[in-house]
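Peer 1: Encoded as structure tokens, here's the structure I'll be asking about.
The values are calculated or read from the model by the stated rules, or taken from the named source; none is laboratory data. Owing to the predicted nature of the structure, the values given are computational and were not obtained by experimental measurement. Ideal geometry is used to build each Cβ from the backbone, glycine not excepted, and the neighbour counts take in all protein chains shown. Just so you know, the surface numbers come from the protein's heavy atoms only, side chains and all, with ligands and any DNA or RNA stripped out. Shrake-Rupley method; radii C 1.70, N 1.55, O 1.52, S 1.80 Å.
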Amino acid sequence: MKQKKFGINNPDVSVIGQGTWYLDRGDRKAAIAALRRGIETGMTHIDTAEMYGDAEPVIADAIAGLPREKLFLVSKVLPSNASRRGTITACERSLKRLKIDHLDCYLLHWRGSYPFEETVPAFDELVASGKIRSWGVSNFDSDDLGELLDVAGEGKIACNQVLYHLQERAIEHAVIPWCAQHGVAVVAYSPFGHDDFPSPASRAGEALQKIAEAHKATPRQVALSFLTRETTVFAIPKASAAEHATENAAAGDLVLGKDEITALDTAFPRGPKPPGLPML
């Protein structure tokens, strides 16, 4: 599995990781098996959140007995809990549910009513106490990131997790360039879309299928490779079955040629910059 530097002064992390939104709503044994298979195939970056129901306990069962230092575990605090005291309490709650002593990265799930002047010191306190190794945000546009930078300073924001898939490329306008400039990792959530992955019967889907066949790969593997083509971008697809995890992991070693990237860029145009950042 190919790895990249996860922000400034942070470890190398698998370019393809594992998302866990809705993972708790299906078969628990299958979900645990999928996470385990993902880890075995190199997807050691696992993302979750306190908002994701029982996903944290499912992950706890999946990682039980595995070397902690080989995993990169991320969770998120809800904006409604992101006061200074609330952030620390939420993190401690997630650590207990995950049955671990620290998170590798802890994120503010989206911007809420608490000022950054409360949340950032809480993150810094969690770093100082060893409960988290780094912190970042999710669903932040470039303007939000700029305001956060004014409070936190350079080199503190590890990542920004945002919606990014073939048919939703808005972050390429400003978010990815901003993050590249400031050494912030970009993590693509819902990289296959939300129940709207391109149909092979569509013109764009045909282009995707053609490239997949040339690499003896699947369209989803090609999609993941395209989305993570920039050095700052990672992706966290969810897999609810072990075979899907194996498929996702194989995308980590798939390299597309310049002509193929151009073909996909044409088939799935990014469109104009929207007035706001798309999110789910």
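Peer 1: For the chain, what's the radius of gyration and Dmax over Cα atoms, in angstrom?
Peer 2: 18.0, 53
Peer 1: Here's another thing I want to ask about it. Considering amide H positions built from the backbone, and no H for Pro or chain starts, which residues 5 or more places from Val77, or on another chain, come under 5 Å of its amide H?
Peer 2: Leu107, Leu108, His109
Peer 1: Write down Rg/Rh for region 1-42, rounded to two decimals, with Rg from the C-alpha atoms and Rh from the Kirkwood relation over Cα pairs.
Peer 2: Reported Rg/Rh, Kirkwood definition of Rh: 1.09.
Peer 1: Any chance you could check the Cα centroid distance between region 129-189 and region 5-79 for me, in angstrom?
Peer 2: A separation of 19 Å, based on Cα centres.
Peer 1: Here's something else I'd like to know. Setting aside same-chain residues fewer than 8 positions from Lys2, which lysines have a Cα under 17 Å from its Cα?
Peer 2: Lys70
Peer 1: Tell me, rounded to the nearest percent, the portion of alpha carbon pairs in region 132-195 spaced more than 16 Å apart.
Peer 2: For region 132-195, the share of Cα pairs beyond 16 Å comes to 41 percent.
Peer 1: Over all directions, how big on average is the projection of the convex hull of the alpha-carbon atoms in region 1-129, in square nanometres?
Peer 2: The Cα convex hull of region 1-129, projected and averaged over all directions, gives 7.8 nm².
Peer 1: Kindly identify region 215-280 as rounded, prolate or oblate by the Cα gyration tensor criterion: order the square roots of the eigenvalues as a ≥ b ≥ c, call it rounded if a/c is under 1.5, otherwise compare a/b with b/c, prolate if a/b is larger, else oblate.
Peer 2: Cα axes put region 215-280 in the oblate bin.
Peer 1: Express the carbon and sulfur contribution to the solvent-accessible surface of region 1-136 as a percent, rounded to the nearest whole number, probe 1.4 angstrom.
Peer 2: That share works out to 50 percent.
Peer 1: Only four residue types carry charge here, +1 at the Cβ of Lys and Arg and -1 at the Cβ of Asp and Glu. Report the dipole size of region 73-199 about the Cα centre in Debye, rounded to the nearest 20.
Peer 2: Its charge dipole is roughly 680 debye.
Peer 1: Within region 18-95, list the trypsin sites (Lys or Arg not before Pro) lying in a DSSP loop whose Cβ has at most 16 other Cβ atoms in a 10 Å radius.
Peer 2: Sparse-neighbourhood loop trypsin sites (Lys or Arg not before Pro): none present.
Peer 1: Here is a follow-up. Could you provide, to the nearest whole Å², the per residue accessible area of region 207-280 with probe 1.4 Å?
Peer 2: 51 Å²
Peer 1: Where a Cα-Cα gap under 13 Å defines reach, which aspartates and glutamates qualify for Lys76, not counting those fewer than 8 residues away within the same chain?
Peer 2: Counting by Cα, and skipping residues close in sequence, Lys76 has these aspartates and glutamates nearby: Asp47, Glu50, Glu56, Glu92, Asp104.
Peer 1: A further question on this structure: Hey, got the Cα dimensions of region 167-280 along the principal axes, in Å, largest first?
Peer 2: Taking the Cα atoms of region 167-280, the three principal extents are 36, 30, 27 Å.
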